[in-house]
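The values are calculated or read from the model by the stated rules, or taken from the named source; none is laboratory data. The shown structure was predicted, so the numbers you read here are calculated from the model rather than taken from an experiment. Glycine also receives a Cβ, built like all others from the backbone with ideal geometry; neighbour counts cover every protein chain displayed. Just the protein is used for accessible areas: all its heavy atoms, side chains included, with ligands, DNA and RNA removed. Shrake-Rupley method; radii C 1.70, N 1.55, O 1.52, S 1.80 Å.
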Amino acid sequence: MADKTNVPVGVRLSTDIEYRPDRPTPYRARVRWTDPTSKRRQSLSEGKDSEDEAQEWLQAIIEAAQAGLSPSLATMKLAEYGEANMDLALRGLELKTLDPYLSGWRMRVVPALGHLAVRMITNGVVDRTVQNWIADEHSRSTVKNTIAVLVRVMEQAVRDGIINVNPARVTGWQKLYKQAEDELLDPRALALPDWETLVALADALVTASHDQYRGWGDVVVFAACTAARIGEVSGCRVGDIDTNQWIWTVRRQTTPAPGGLTDKGTKGKRARKVPIVEEIRPLVAQRVLSAGPNPDARLFTGPRGGRISTAVLRDATHWDDVVTKLGYEHLRRHDLRHTGLTWFADAGVQVHVLRRIAGHGSLTTTQRYLHPDVHKITAAGAALSAHLSVLRAPRSLPSPIVVTR
C-alpha cells in the first residue's frame with residue numbers, strides 16, 4: 001500500500017505501509033523523500049503494532065512537512081534533539097546551575113522520555129513523568145532542576161518550529177510534591193489495609209485488562225508482598241528465585257531508556273535478598289514452572305512476553321479507573337511497595353532488617369515506613385503503664401532470719 005503526498009515546501013513524500021507478520025511490530029510505516037538541498041533520496045521507517053498506528057505515524061509526518069519540517073526533524077527523538085541543541089537550550093545559565101541541570105537531563109529526562117519523538121511529548125506525558133519522579137522520592141530541588149532543563153530544551157523545539165506550545169511547562173507539581181510528603185507522614189494513606197484488599201485489587205485489575213490477563217494480578221500481589229518496585233518485579237528472572245529457602249535475590253530493574261525499556265542494576269546499585277512469604281509461594285511456583293528451565297527467563301512478563309513498567313501496568317489494567325471505583329483513587333503503583341514495607345513493619349520486623357529488605361541507603365528512609373497502627377500505640381501505652389505500676393508498688397520487707405540451735 002503506497003501513497004504520494006504533495007506538500008507546499010517543495011518536498012514530495014512517498015509513503016507506504018508494509019505488513020511483516022514475522023516481526024514483533026508487524027506494520028512497517030515508511031516515508032521517502034528527496035532532500036531539496038542535497039538532492040539525495042532519504043527514507044525513514046518505524047514498526048507499529050497495528051495498521052492504524054502506522055497510518056497515524058505517517059499522518060503526523062505529513063502534517064509536519066506541511067508545516068515546513070523535514071521528516072527527519074519531525075521524527076527526531078528527544079534524546080537526540082537534546083544532545084544536538086543543549087548548548088542553545090542552556091545558553092545564559094551560570095556555571096553553577098549547569099551541573100544539576102545536565103544531571104537531571106542525563107539521569108531522569110533521557111531515561112524517561114528520551115525515546116519519544118519531540119512532537120509526541122504532551123503535557124499529559126510530562127505530568128505523569130513528574131509524578132513518577134516524585135513517587136521515586138527524589139528531592140524537591142532535584143525535581144525542580146529536572147523540570148527546568150526539560151522546559152529549556154522543549155522551548156528550543158518551539159523556536160525551531162517542531163512544536164507550537166511547550167508541553168513541559170507543567171503546573172501544580174509543587175502541590176503534588178507537598179501531597180506526597182503529607183502522605184508519607186500518614187501511615188495508612190499509602191498502604192492497603194490487608195491481604196483481602198490486595199487480592200480484590202488484583203482481581204479487579206485483571207478483569208479490566210484486555211483478555212483478562214492473569215499476569216497483571218500476579219505482578220501486583222508479588223510487588224506488594226515483597227515490597228518491591230514494579231521495575232524490579234519486571235527484572236526478576238527464574239534464577240533469582242530460591243525455592244528451597246524461598247528467597248528472591250533482587251539484582252536488576254526494568255527502566256525506560258532511549259529506544260524503549262531496558263534492564264539495569266537496582267536503584268541502590270546492589271543486590272538484596274527478600275523473603276517470599278507463604279501466601280504467594282504457590283503463585284511463584286506456578287510462574288517458575290511456566291517460565292521453563294532457562295534461569296534467565298523472566299518470571300513476570302506482559303501478555304506478549306514483553307517487559308513491564310509502571311506505565312505499562314497502568315495502561316494495560318486501566319489502573320486509575322479501577323482504583324477509583326474501589327475507593328483508592330490516590331493509590332499509585334509505587335504504593336504497592338509501601339504496602340509491603342508497612343506490613344513488614346507492623347509484623348514486628350526490626351528496622352535494620354527492614355532496611356535490607358527495602359534496599360534503602362539511609363536508615364531514615366526506612367524509618368518512615370515504621371507506622372504502628374492505633375491498636376499497637378494503645379497497647380504500647382498499656383505496657384508502659386503496667387511497667388510503671390510495678391515500679392511504684394511498695395517493696396515488701398525481707399523476712400527475718402531465724403537462727404536455731
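List of remarks:
- Listed by position, the strands (runs of 3 or more DSSP E) enclosed by segment 197-274 that each have at least 3 residues that are buried (at least 19 other Cβ atoms within 10 Å of the Cβ) and at pLDDT below 95 are 252-257.
- Scanning segment 152-175 for residues that are closer than 19 Å to residue 104 by Cα, modelled with pLDDT under 85 and outside any helix (DSSP H, G or I) yields 170, 171.
- Listing of helices (runs of 4 or more DSSP H) fully contained in segment 92-140 that carry 3 or more residues being open to solvent by 30 Å² or more (accessible area, probe 1.4 Å) and among the polar types (S, T, N, Q): 123-135
- Number of positions in segment 207-232 that are among the hydroxyl-bearing types (Ser, Thr, Tyr) and free of Cβ contacts under 8 Å to residues at least 40 places away in the same chain: 1
- Contact annotation: residue pairs with Cβ atoms under 7 Å, 6 or more positions apart or on different chains, pairing a residue in segment 233-258 that is of a type in the set (D, E, K, R) with a partner that is assigned to a strand (DSSP E or B), are 237/298; 240/248; 240/249; 252/263; 252/264; 252/265.
- Qualifying residue in segment 24-38 (condition: modelled with pLDDT of 80 or more, outside any strand (DSSP E or B), open to solvent by 40 Å² or more (accessible area, probe 1.4 Å) and closer than 21 Å to residue 115 by Cα): yes
- Top-ranked residue in segment 326-344 [being of a type in the set (D, E, K, R) and assigned to a helix (DSSP H, G or I); ranked as surrounded by the most Cβ atoms within 10 Å (Cβ to Cβ)]: 337
- Residues of segment 370-391 that are at pLDDT below 65 and not aliphatic (A, V, I, L, M): 371, 372, 373, 375, 376, 378.
- Restricting 46, 53 to those that are assigned to a strand (DSSP E or B) and surrounded by fewer than 19 Cβ atoms within 10 Å (Cβ to Cβ) reduces the list to 46.
- Residues that are without any contact (Cβ under 8 Å) to a residue 24 or more places away in the chain and over 21 Å from the mean Cα position of the chain (by Cα) within segment 118-164 comprise 151, 158, 159, 164, listed in sequence order.
- Tallying residues that are more than 22 Å from the chain's Cα centre (by Cα) and open to solvent by less than 90 Å² (accessible area, probe 1.4 Å) within segment 291-325 yields 4.
- Residue check: residue 86 meets all listed conditions (1) part of a helix (DSSP H, G or I); (2) over 17 Å from residue 159 (Cα atoms) but one, namely (2).
- Tabulated pairs, segment 321-333, first farther than 22 Å from residue 234 by Cβ, second of a type in the set (Asp, Glu), C-beta under 9 angstrom, 6+ apart or interchain: 328/335; 329/320; 330/183
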